[in-house]
Every structure is written in C-alpha cells, then in structure tokens.
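The next block holds one structure in the form of structure tokens; read it before the comments.
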Amino acid sequence: MGNTVTTGKALMKPELASEIFSKVKGHSALAKLSGGEPIPFAGKEIFTFSLDGEAAIVGEGADKPAGTADSGSVTIVPIKFVYQHRVTDEFMNLAAEKQLPILQQYTEGFAKKIARGMDIASMHGVNPFDGRVSSIVGNNCFEKAVTSQTDYDEAAPDDCIDKAVQPITDADGTISGIVMSPKFGAALGAMKTADAHTPMYPDYRFGGNPGSFGGMAADVNSTLSFGTSKIMAIVGDFANCFRWGYAEDITFEVIQFGDPDGLGDLKQKNQVCLRSEAYIGWGILVPDNFAKIVQGDE
C-alpha cells in the first residue's frame, strides 16, 4: 500500500481540531478553571462592564437616578504555537493503518504541549520553548496584569488564600477557582491539626490533585512554577474573567528535507519531521478579580 500522508502543509479536519482541544482542556489549568468550551475565532474583542451602585426603587412620576458604570474592552489576538517531532523516515513507507498509531501519539503530544504552552505564556508572559520574555504576549499574562499579591507562608498556605481573596471579595468580586504550584499543593497536604495531628487537607497529600478546594475549582499544575517563577498560586474569577479560544485552521505537515528544528539534516539522519501549527488567544478581562500568592519578590 502506498504512502497516504501528504508532504505539504495541510489543514487538520475540524473534528480532529475539536478532539485536540478537548484533550487540551484536560491538560491546561486555565482551560480547566475557566469552564466553558474554547471558541474558534480569528481575533475577538470582548467588551467589559462594571456596574457600580445598586438598583433603585422609584416612585410613580419620580426622577430615575443614574447609575455609574465603567466600560472597556479586551482584544484577544491569536498567537501562533508550533510543535514538531522527529520520527524515522520509514514512517513515509508505512501503510495507513500503521501510520495511524504514530499520528495518534503525535496528536496526544501536540495537545499536551499546546496546553502547557498556553498556560506558561498566559501565566508568565514567556515563550515556553526557551523561557524568555515574549514581546508577542506582552502584558497579557497574569504575572504582569495582576497586581494584587500576598506573601507565601509554607506553614499556613490556607491562610495565604484567605489573605489573597479578601481584597477581591471586599470589592464584591467573585472567586471561582485557584491554580496552585505543586509545592503549594504539597504544603496544603502537609498541614495537620495541632491536637490529633490529623491531615487537614488529605486529598492534597502525595501529589494529589483533587480538583477542588474550599468549594471552588482547583488545579495543581507545574506550569505555574515554570522556570524561575515565584508565583505559588493564583486565585480569582477564572470562570467569568478569563477567556481563551483558537483559530480553527490547524496545520499539519511532514517535512522531509533540511534542518527545521536545529537537530541536524533530516536526510543525513534518516528522519522526517512532523510539524503542527495552531493559533491560540486569551484575555484576562478583569485583572482586579485575581490575586497572586508569591514567595519572596517577583
């Protein structure tokens, strides 16, 4: 049976794109905590409104008082993410049914890398590949956009959460979730009662990631502690104040010539390179509805 894989750049079928981003939702802390399904888009402007004051009771014929409102907008711009992986050039001569398991593994890997990539970029504003600050992301990341922060105390991480959420709730904000570093989750798991030495948060022991904390959605994810980051946790209204989406056209190609990834000439090494590109965008709609828990100075 002849080769069935195109060597040019082709678009993934929409159903495969949906499958990939379904997997992404399962591996990204921010996708998990923000709730709703990602929206295919080609750039999107989201309008935000802050309605201050309360509704008024008005008598018959009386003047209706004006409320105050602050409006703005956040533009979500798609950013290109690339993932590529080398396989032996024997891949090109395999029958379709034997290529399929390799492509399935590649798709799984692509979903995980894109998920981590979105988390790392939107949390820290860096390029996931080399950890350097990305001018493309700019200030559209939690590390720069969110200014409210609390000092981390390893002995009492739950108190840190209380302190972090207080300014948000005092301003009538909503708390829907928290993303924690593995170190923060381990500190919760290590807490014990003073009298009986009973674990206070047993679900977080031994690297646990139970998915909730104190009635809100939670995720323990190493993307928060990526590189040299000192952010231990981010708490806030992920469900309503964070949005993400993807451009529907996801490309896939098999590269047979050259050195596309800096690992040497493909022909010389008897390899081909599988490459996919996806455009993903996100927006932090109301930075004031989030707070960071930080160890030392950022």
Which one is farthest from Leu224 (Cα to Cα) among residues in region 107-136 that are β-branched (Val, Ile, Thr) and in contact with a strand residue (DSSP E or B) (Cβ under 7 Å, 6 or more places away or on another chain)? Ile136
Scanning region 139-148 for residues that are within 14 Å of Met123 (Cβ to Cβ) and of a type outside the set (A, V, I, L, M, F, W, C) gives Asn139, Asn140, Glu143, Lys144
Number of positions in region 80-106 that are more than 21 Å from Ala278 (Cα to Cα) and touching a strand residue (DSSP E or B) at 6+ places or on another chain (Cβ under 7 Å): 4
Inside region 107-126, the number of residues satisfying the requirement of being within 16 Å of Ser276 (Cα to Cα), surrounded by 22 or more Cβ atoms within 10 Å (Cβ to Cβ) and touching an Asp or Glu at 6+ places or on another chain (Cβ under 9 Å) is 1
Screening Phe129, Phe142 for residues that are within 19 Å of Thr223 (Cβ to Cβ), of a type in the set (Phe, Trp, Tyr), under 22 Å from the mean Cα position of the chain (by Cα) and crowded, with 21+ Cβ neighbours inside 10 Å leaves only Phe142
Of all residues in region 144-173, count the ones that are out of contact with any Cys (no Cβ under 7 Å at 6 or more places or on another chain) and more than 22 Å from Thr193 (Cα to Cα). 17
What residue, among those in region 255-274 that are in contact with a helix residue (DSSP H, G or I) (Cβ under 7 Å, 6 or more places away or on another chain) and not polar (S, T, N, Q), is farthest from Ser122 (Cα to Cα)? Val272
Closer than 17 Å to Ala31 by Cα and modelled with pLDDT of 90 or more, is that true of Met216? yes
Would you say Ser276 is hydroxyl-bearing (Ser, Thr, Tyr), under 23 Å from Ala31 (Cα atoms) and touching a Pro at 6+ places or on another chain (Cβ under 7 Å)? no
Filter result (crowded, with 17+ Cβ neighbours inside 10 Å, more than 12 Å from the chain's Cα centre (by Cα) and in contact (Cβ under 8 Å) with a residue 60 or more places away in the chain) within region 235-247: Val235, Gly236, Asp237, Tyr246, Ala247
Filtered residues of region 148-191 (kept if assigned to a loop (DSSP other than H, G, I, E, B) and within 21 Å of the chain's Cα centre (by Cα)): Ser148, Thr174, Ile175, Ser176, Ser181
Could you please let me know if Ser148 is modelled with pLDDT of 95 or more, crowded, with 17+ Cβ neighbours inside 10 Å and farther than 16 Å from Phe213 by Cβ? yes
Would a scan of region 181-200 turn up a residue that is closer than 18 Å to Lys32 by Cα and either touching a residue at least 60 places away in the same chain (Cβ under 8 Å) or in contact with a Leu (Cβ under 7 Å, 6 or more places away or on another chain) (or both)? yes
Residues in region 264-285 that are part of a loop (DSSP other than H, G, I, E, B), closer than 28 Å to Ser229 by Cβ and modelled with pLDDT of 90 or more: how many? 0
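The values are calculated or read from the model by the stated rules, or taken from the named source; none is laboratory data. Note that the structure is a prediction, hence the values are computed from the model and not measured. Cβ sites come from the backbone with ideal geometry, for glycine too, and all protein chains shown count toward neighbours.
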